[in-house]
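**Q** The structure under discussion is supplied below as structure tokens; questions concerning it will follow.
The values are calculated or read from the model by the stated rules, or taken from the named source; none is laboratory data. Every value quoted in this text rests on a predicted model; they were computed, and no experiment measured them. Heads up, the Cβs are rebuilt from the backbone with ideal geometry, glycines too, and the neighbour counts pull from every protein chain shown. What goes into the accessible areas is simple: the full protein's heavy atoms, side chains included, and nothing from ligands, DNA or RNA. Shrake-Rupley method; radii C 1.70, N 1.55, O 1.52, S 1.80 Å.
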Amino acid sequence: MWTFPRLLAAASSLLALVGATPAPAAPVGGPRSSSAPAPVGSSIRTVELPAQTDTWVMNRTYTSSQSGSTHLGVGTYDGSHVARSFVHFTTAQFTGRRIASARLRLHNYESLTCAGSAIRVAPAQASWSSSTLTWANQPAVDNTRSVATTAAYGYTGCSSAYVYFDVTSTVQRWADGYPNYGLRIAADEETSTTSWRRYRSADYASGDVALEPHLEVTYLPISSSATQFQINPGHTAAQTGESITPPLRLLWHRQNDLQPYAGSSQGQAPLIVGDLVFSLELQYQATVLSARRLADGSSLWQRVFPLDGYGWGSLAYAGGRLFALHESRVTAVSPDTGSVLWSSGVYLSTGGLGAATASVVVTGSQAFDAATGREVRRASIGDQWVYGGTLLDDAWYVRSTEHTRRYSLSTGEVVWEQPPAPLSSSEDPVVANGSYAIHTEYANDVNRMYVRRSADGVLVRTLSGSVPPALVNTTAFVGDGRSVSAVDLTTGAKRWSRTDLPEALAMSPVVANGHVYVATGEWDSGPSHLYVLREDTGAVVWSTAAPVPGCGFSLFFSYGNRLPSIAVASRRVIVPMKCGIAVYGPA
């Protein structure tokens with residue numbers, strides 16, 4: 001079956017490493033201490049968090065921390081004694097989440113009037129300790145994100161009750177990676193007795209914990225398959241439901257810290273799952289699979305797949321399993337520990353993972369059982385090389401050296417077949433949605449993009465393009481050298497075009513939340529940039545240079561393999577570099 005010596009050697013070396021059955025060996029870094037990200041849906045969830053700590057201080061009499069007090073004092077009761085309170089909640093679980101709403105809930109049991117003046121909640125801008133806080137060392141706050149209410153209870157005619165402060169924007173910033181220093185509660189009019197409030201504290205000893213401070217947060221969980229090679233099984237590079245908007249800021253970047261073999265490395269196809277980010281770094285004689293925390297980039301584990309030369313690879317996730325395509329094999333690993341669940345040979349394929357579901361994973365011309373790695377379907381391609389499969393429900397698109405075909409995954413039958421265009425075949429998968437199937441071909445510095453009808457494969461039009469496009473409905477976002485354009489596929493007209501990029505496109509464009517993300521670079525160690533364009537006009541709204549000099553954003557790999565891909569998910573933008581990954585979040 002293996003007709004090429006390179007693939008046979010690669011398969012032999014990998015079989016010696018992991019075999020075709022589960023392997024017990026632990027990866028570098030060992031198991032993760034906390035639980036693995038469980039597969040979750042996209043439904044909205046609400047949680048109530050108790051205060052992790054709280055306290056209050058006063059400008060006189062009680063100038064040191066009152067952390068053991070059963071109440072939180074705010075305002076003044078005599079015009080001269082002024083109290084302020086501080087409360088902190090642990091919010092790490094929301095990292096990367098979209099926050100639908102967040103409310104601070106306090107139980108107000110004492111006021112001096114039912115017509116109170118405003119009480120304001122603002123995020124603190126520096127750390128503080130409930131044991132050492134004083135009036136003199138209290139941190140400054142960000143009043144631009146403050147919220148206020150005049151609600152007052154605990155007086156004649158207005159019995160004790162809950163009050164609420166909408167802190168959605170603050171909690172969203174914490175979820176976006178900004179430091180959480182807690183909240184300050186203070187009066188706007190600190191010389192007026194209408195400002196006086198007492199709220200129950202976290203040390204309230206009545207046994208009724210509901211009266212203590214709580215943070216009520218409603219959020220959207222991260223999808224269990226947040227992103228994979230070119231975002232989705234259709235490889236359309238269009239991320240739906242993502243809320244991130246520019247401007248962005250660099251949160252962290254990591255260079256591969258496990259390089260057991262000599263040679264350059266290249267980042268490929270990062271993938272976000274829950275609070276983790278996975279990435280492949282391709283090196284001479286090795287592919288390194290890394291797991292890091294999305295919040296700070298800290299390493300959890302790494303696994304090395306030795307190869308006999310430069311490889312290719314991509315990642316997908318489904319049903320609690322991480323799937324890595326690394327040259328001549330596909331391997332399923334535990335996202336929690338990196339341990340190998342199974343590994344199977346890939347037949348004459350140099351493309352990315354077509355798709356992964358809870359039941360099946362597709363690589364080029366083969367479909368494997370996701371749980372066992374057993375081959376359940378193979379496309380009839382003979383001895384042709386296969387350049388990536390694409391799976392949309394039962395529609396299975398396969399590119400090979402001689403044909404572009406659509407198969408039925410359930411039956412294996414050919415739905416339609418089209419020969420390649422006059423150019424030599426590329427090593428790209430089909431980009432497909434319900435209307436169009438697009439493939440690119442390259443030869444002698446000529447790049448062509450062929451747009452076919454998904455239903456029957458009939459050629460609709462031909463475009464010029466050097467990387468696979470992003471496809472949104474009937475618009476293709478096409479990169480060609482140093483230009484990027486939005487093309488209406490029904491008419492062939494360009495809706496907009498930018499021809500002023502300083503470097504060539506390093507990977508396919510990605511579209512998310514009204515913006516197009518474009519990474520540029522050169523083969524050598526020259527300049528490299530990330531651009532964010534408006535989806536409707538192409539106008540540049542934000543840009544930045546690669547964070548590591550001499551380590552720009554990844555270009556397509558050798559042998560024509562165009563697998564590097566931007567990941568946009570969980571309010572993060574992750575761009576593969578020649579030596580690692582760079583992670584951006586909202587500014």
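**Q** Tell me, which residue of the range 504-523 that is of a type in the set (Ser, Thr, Tyr) and under 18 Å from the mean Cα position of the chain (by Cα) is surrounded by the most Cβ atoms within 10 Å (Cβ to Cβ)?
**A** Of the residues in the range 504-523, the ones of a type in the set (Ser, Thr, Tyr) are 508, 517, 520.
Applying the additional criterion that residues be under 18 Å from the mean Cα position of the chain (by Cα) yields 508, 517.
Values: 508: 33, 517: 28.
Among those residues, the one meeting the criterion is 508.
**Q** A further question follows. Within the set of pairs 6+ apart or on separate chains, which have a first residue in the range 452-472 that is closer than 10 Å to residue 406 by Cβ, a second that is among the basic types (Lys, Arg), and C-beta atoms under 8 Å apart?
**A** Going by the 8 Å Cβ cut-off, the qualifying pairs are 454/406; 457/406.
**Q** Oh, and also: Here's a check for you: in the range 95-109, which residue that is open to solvent by 40 Å² or more (accessible area, probe 1.4 Å) and modelled with pLDDT of 90 or more is nearest to residue 203 (Cα to Cα)? Explain how you work it out, then say what you get.
**A** Narrowing the range 95-109 to residues open to solvent by 40 Å² or more (accessible area, probe 1.4 Å): 97-98, 100-101, 103, 109.
From the residues that got through so far, the ones that are modelled with pLDDT of 90 or more too are 101, 103, 109.
Working: 101: 26, 103: 20, 109: 15 Å.
So, considering only residues that are open to solvent by 40 Å² or more (accessible area, probe 1.4 Å) and modelled with pLDDT of 90 or more, the one nearest to residue 203 (Cα to Cα) is 109.
**Q** I would also like to ask the following. Filter the range 551-564 for residues that are closer than 21 Å to residue 251 by Cβ and either modelled with pLDDT of 90 or more or small (Gly, Ala, Ser) (or both) and give the result. Outline the logic, then answer.
**A** Taking the range 551-564 and keeping what is closer than 21 Å to residue 251 by Cβ, we get 551-554, 564.
The answer is 552, 554.
**Q** How many residues does the range 121-166 contain that are under 34 Å from the mean Cα position of the chain (by Cα) and of a type outside the set (Val, Ile, Thr)?
**A** Taking the range 121-166 first, the residues under 34 Å from the mean Cα position of the chain (by Cα) are 121-129, 139-148, 164-166.
Among the residues that remain, those that are also of a type outside the set (Val, Ile, Thr) are: 122-129, 139-140, 142-143, 145-146, 148, 164-166.
Summing the residues that are under 34 Å from the mean Cα position of the chain (by Cα) and of a type outside the set (Val, Ile, Thr) in the range 121-166 gives 18.
**Q** If residue 162 passes every condition in (1) in contact (Cβ under 8 Å) with a residue 60 or more places away in the chain; (2) assigned to a strand (DSSP E or B); (3) open to solvent by 30 Å² or more (accessible area, probe 1.4 Å) but one, which one does it miss?
**A** Exception for residue 162: condition (1).
**Q** Restricting the range 359-373 to residues that are polar (S, T, N, Q) and open to solvent by less than 10 Å² (accessible area, probe 1.4 Å), which is modelled with the highest pLDDT?
**A** Among residues in the range 359-373 that are polar (S, T, N, Q) and open to solvent by less than 10 Å² (accessible area, probe 1.4 Å), the one modelled with the highest pLDDT is 366.
**Q** Quick one: in the range 170-184, of everything that is open to solvent by less than 40 Å² (accessible area, probe 1.4 Å) and assigned to a loop (DSSP other than H, G, I, E, B), which residue is farthest from residue 56 (Cα to Cα)?
**A** Out of the qualifying residues, it is 176.
**Q** Something else now. Give me a count of the residues in the range 100-124 that are of a type in the set (S, T, N, Q) and under 24 Å from residue 219 (Cα atoms). Write out each step before concluding.
**A** Within the range 100-124, the first condition is being of a type in the set (S, T, N, Q), and the residues that meet it are 101, 108, 111, 113, 117.
Now narrow it down to the ones that are under 24 Å from residue 219 (Cα atoms): 101.
Going through the range 100-124 one residue at a time, the tally reaches 1.
**Q** Against the definition (modelled with pLDDT under 80, in a strand (DSSP E or B) and out of contact with any Pro (no Cβ under 6 Å at 6 or more places or on another chain)), how does residue 314 come out, yes or no?
**A** Values: modelled with pLDDT under 80: yes; in a strand (DSSP E or B): yes; out of contact with any Pro (no Cβ under 6 Å at 6 or more places or on another chain): yes.
It is true that residue 314 is modelled with pLDDT under 80, in a strand (DSSP E or B) and out of contact with any Pro (no Cβ under 6 Å at 6 or more places or on another chain).
**Q** Right, next: Name the residues in the range 524-538 that are open to solvent by 40 Å² or more (accessible area, probe 1.4 Å), part of a loop (DSSP other than H, G, I, E, B) and at pLDDT 65 or above, would you?
**A** Selection gives 527, 535, 536, 537.
**Q** Could you list, in sequence order, all residues of the range 436-460 that are open to solvent by 40 Å² or more (accessible area, probe 1.4 Å), modelled with pLDDT under 90 and touching a strand residue (DSSP E or B) at 6+ places or on another chain (Cβ under 8 Å)? Lay out the reasoning, then the answer.
**A** Residues of the range 436-460 that are open to solvent by 40 Å² or more (accessible area, probe 1.4 Å), as a first pass: 444-446, 448, 453, 455-456, 458-460.
Those still in the list that are modelled with pLDDT under 90 too: 444-446, 448.
If the condition is that a residue be open to solvent by 40 Å² or more (accessible area, probe 1.4 Å), modelled with pLDDT under 90 and touching a strand residue (DSSP E or B) at 6+ places or on another chain (Cβ under 8 Å), then 448 is the only one that fits.
**Q** Restricted to the range 221-244, and to residues that are open to solvent by less than 10 Å² (accessible area, probe 1.4 Å) and at pLDDT 75 or above, which residue is farthest from residue 313 (Cα to Cα)?
**A** Among those that are open to solvent by less than 10 Å² (accessible area, probe 1.4 Å) and at pLDDT 75 or above, it is 244.
**Q** Determine whether the range 461-469 contains at least one residue that is farther than 24 Å from residue 532 by Cα and open to solvent by 10 Å² or more (accessible area, probe 1.4 Å).
**A** At the first step, the residues of the range 461-469 found to be farther than 24 Å from residue 532 by Cα are 461-462.
Pick out the ones that are also open to solvent by 10 Å² or more (accessible area, probe 1.4 Å) and you get 461-462.
Yes: one or more hits.
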